[in-house]
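Participant: Dumping the structure here so I can ask a few things about it.
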Amino acid sequence: MTENEDPEKKGGVWALDQQLDQPMEEEAKKFSNMYEDKKCSSITVLQLAFQSLGVVYGDLGTSPLYVFYNTFPYGIDEPDDLLGALSVVIYSLTLIALLKYVLIVCRANDNGQGGTFALYSLLCRHAKIKTVPNQDQSDEELTTYSRSTFGEQSFAASTKRWLEGHALIQNVLLILVLIGSCMVIGDGILTPAISVLSAVGGINCCRYHISNDIVVVVAVVILVILFVMQQFGTQKFGWLFAPIVLLWFLLIGGIGIFNIWKYDTSILRAFSPVYVIAFFRKGGIDGWASLGGIMLCINGTETLFADVSHFPVLSVQIAFTLVAFPCLLLAYSGQAAYLMKYPHHVFGAFYYSIPESIYWPVFSVATAAAIVASQATITATFSLIQQALALGCFPRVKVVYTSRSHHQIYIPDINWILMILCISVTAGFKNQSQIGNAAGTAVVIVMLVTTFLMILVMILVWRCHWTLVLIFACLTLVVEGTYFSAVLLKVNQGGWVPLVIAVAFFIVMYGWHYGTVIRFDIEMHSKVSMAWILGLGPSLGLVRVPGIGLVYSEIATGVPRIFSHFITNLPAIHSVVVFVCVKYLPVCTVPEEERFLVKRIGPNNFHMFRCVVRYGYKDDHKKDDDFEEKLFDNLFTFVRLESLMEGSPGSDVSSILNQQTIQSRDAMWNNNNNSIPYSSADLSITSVDSIELADSPMYISQPLTCSIPTSSQLVEIDEIEFLNRCRDAGVVHILGNTVVRARRDSNCFKKMAVDYLYAFLRKICRGNSVLFNVPHESLLSVGQIFYV
């Protein structure tokens, strides 16, 4: 029955489903805008602003260590070149870091989550552009499934129809998101390398002048320790991050003021936009290429957005505007004032500009700040991989939660890959210039991707007027497009590194997604009809043995092909069959009380049910160690509610639930030996919000008014006792092992993608049994091969 049908033609089943949806709508009002409406006191906001310095701004704060050297790797020819470069730095921080990211992009978070995939998830909720169509109408009723509505004649509606009407555009948008994500991974490799190497490189600026090889060795040792420590989390020493970064900002700001006062106060002329214009007028290939080094001053802004989930947006904005932004401006201005007098000290300009009396304390703080900055970048990379996993764009890898309270994660496989590549880059290049060129390429591409996604967010989510969208697009694309043209000139000087890394990860991510979509389409089109199931009779043509079979499938509707394959090859089936579908939605989290959807398949005597378990991309499977227990609790609650609705279809659902809640509580107090495995809390409105009734023939001809008969209660108790006996007899987890292969007449691309790439990725990634914590002794794997 389609969604666009006339409600009068849908009959009593549709009306009953609408009644059952009412409690969910009422509960949704209680939880609506649960993230936006959170109010914090002024003191709490300031405390979180202080803490955000250590998580969000470490990467951006360490950029003064290497910007001017990467801008002038061959020395400073004229003072006006330095003034122009400083002016471009100042306005880049203002336009990109402050205006674009801190004030605009951070507001586009997905219920507190930031990053490329968070923006994509927002768009997927406002337009049907997700390439794996595993969503249905019930998913849109989640309290976290917030989205905007707009008129059919609006610009947003036209954009929505354009996106939904062109599969090519949807695929291009996905490719764009994957490219941006791959560049973030590349940044997670390059930023620790350049930050730590630049910080440790300060040893060369002291009077001892240690060789560069020793500096590289020290940097590699620090990086190894940093990546090894990831598996232990940061809960034991994370409290040090904010004080270290705050001290670092105060030091670079204070040193900047000292250098401006001591060497050249006229350097403040660079705050005039006239010098930006003069910089571009002088131009030339060398001048244009120097923009690739200047843009490193905004390296860390994408990490800022990715890590925004840890703190309220207001706290992040306060920390930047009151601490990070002014201190960075003073630091760059102070270095420029020093270089106006000592232009030959452009290599290690920051360390040369430090007063000798505080050199070693500053060196120690700089090294610590670089480690904190690297930690933030690695954490952002882990967060992105987790989001990609949930949206079907990355092979299944192990995700370890090192801190439940702060949602800190650790991905072992990715951590070791990042460590090997980071050490290879550091030891291979041995200098900041080429690593800086590589980091600049990655950063500017991520910024461009974010800009394109933000344009769609402003149209579809914020419903901004097209003139505001045009102003935002023009300002950001002019600046970022200029930087992009500059980094292209340095591709042969190290800029090729992130491109190679991105290509490798893109092949993995797109290949996995391509195979996932093909397998999902096959399972959707090979579903077994209910007519065939009903034709088998209550016994399904087999011997029904005691026990419960949990049949896992990726489809949320219909009977999966694996089930027909199972019953046609085995002589028996369990007395109760539950089809379990675990799916991820484009939301950051699914509330616990809305996670399970349960309904019946076929008549009651078939004892077949469906359970859809929904997760967001930030939800933790490990929290559901009692997954099986929760599933059965929801199943028993559904049976009880179904019996009540059968007995009193004319009554209001909420009143029935409230009445049963009171009765259940009285029963619990009066009879402590009750064997029914659910508590009174399970019968509250919140715990049954997500339970639906199936389109079963038993409901079609029922009248809409009657009272609760005693027989329905007996039937309810009998079925629950039957389910309990079956559960005691044993639970078997039946997992499908669907193998996809390309047909012989397929083109070479499909054969390579399906038969080799996707097959290899499935072989090395984690299996579903591990993800669902299925005991090996109760696992039954059913294999089948599909040719596409």
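Participant: Measure up Lys130/Lys599; Lys398/Lys430; Lys130/Lys236; Lys100/Lys398 against 30 Å on the Cα-Cα distance and list the ones that go over.
Facilitator: Check vs 30 Å cut-off fails for Lys398/Lys430; Lys130/Lys236; Lys100/Lys398.
Participant: Taking the Cα centre of segment 329-479 as the origin and placing charges on Cβ (Lys, Arg +1; Asp, Glu -1), which of Ser333, Thr426, Thr381 is farthest toward the positive end of the dipole?
Facilitator: Value: Thr381.
Participant: Give me the accessible area per residue for segment 469-607, probe 1.4 Å, as a whole number in Å².
Facilitator: Here the per-residue accessible area is 36 Å².
Participant: In addition: Using protein chains only and a probe of 1.4 angstrom, how many square angstrom of Leu251 are accessible, to the nearest 10?
Facilitator: 40
Participant: Roughly speaking, to the nearest percent, how much of segment 521-597's 1.4 Å accessible area is carbon and sulfur?
Facilitator: Solvent-exposed carbon and sulfur of segment 521-597 make up 63 percent of the total.
Participant: Measure off 7 Å from each Cα along the Cα-to-Cβ vector at Val224 and Leu780, then give the distance between these two points in nanometres to one decimal.
Facilitator: 5.1
Participant: For segment 204-293, with only Lys/Arg (+1) and Asp/Glu (-1) charged at the beta-carbon, what is the dipole magnitude about the Cα centre, in debye rounded to 20?
Facilitator: Dipole about the Cα centre, nearest 20: 220 debye.
Participant: Distance from the Cα centre of segment 544-595 to that of segment 305-377, in angstrom?
Facilitator: Answer, in whole Å: 54.
Participant: Let me ask something additional. In Å², what does the accessible area per residue of segment 229-303 work out to with a 1.4 Å probe?
Facilitator: That works out to 49 Å² per residue.
Participant: Same structure again: Which whole-number percent is the relative contact order of segment 591-643 (Cα, under 8 Å, 6+ apart)?
Facilitator: Averaging sequence separation for qualifying contacts and normalising by length gives 32 percent for segment 591-643.
Participant: Evaluate the Debye formula for segment 365-477 with equal point scatterers sitting on the alpha carbons, no solvent, and hand back log10 of I(q)/I(0) at q = 0.10, 0.20 Å⁻¹, in q order, two decimals.
Facilitator: -0.47, -1.18
Participant: How much accessible surface area, in Å² rounded to 10, belongs to the heavy atoms of Asp633 with a 1.4 Å probe?
Facilitator: Accessible surface of Asp633 is approximately 30 Å².
Participant: Solvent-accessible area per residue for segment 356-422 at a 1.4 Å probe radius, Å²?
Facilitator: 34
Participant: In segment 482-524, how does Rg compare with the Kirkwood Rh, expressed as the Rg/Rh ratio over alpha carbon atoms?
Facilitator: On the Cα set of segment 482-524, Rg over Rh gives 1.31.
Participant: Still on this structure: Counting only protein heavy atoms and a 1.4 Å probe, tell me what percentage of segment 243-391's accessible area is made up of carbon and sulfur.
Facilitator: 70
Participant: With 21 Å as the cut-off, how large is the P(r) tail for segment 339-418, expressed as percent of Cα-Cα pairs?
Facilitator: 51
The values are calculated or read from the model by the stated rules, or taken from the named source; none is laboratory data. Owing to the predicted nature of the structure, the values given are computational and were not obtained by experimental measurement. Counting neighbours? That spans all protein chains shown, and the Cβs are built from the backbone with ideal geometry, glycine included. Surface accessibility is based on the protein's heavy atoms, side chains included, excluding ligands, DNA and RNA. Shrake-Rupley method; radii C 1.70, N 1.55, O 1.52, S 1.80 Å.
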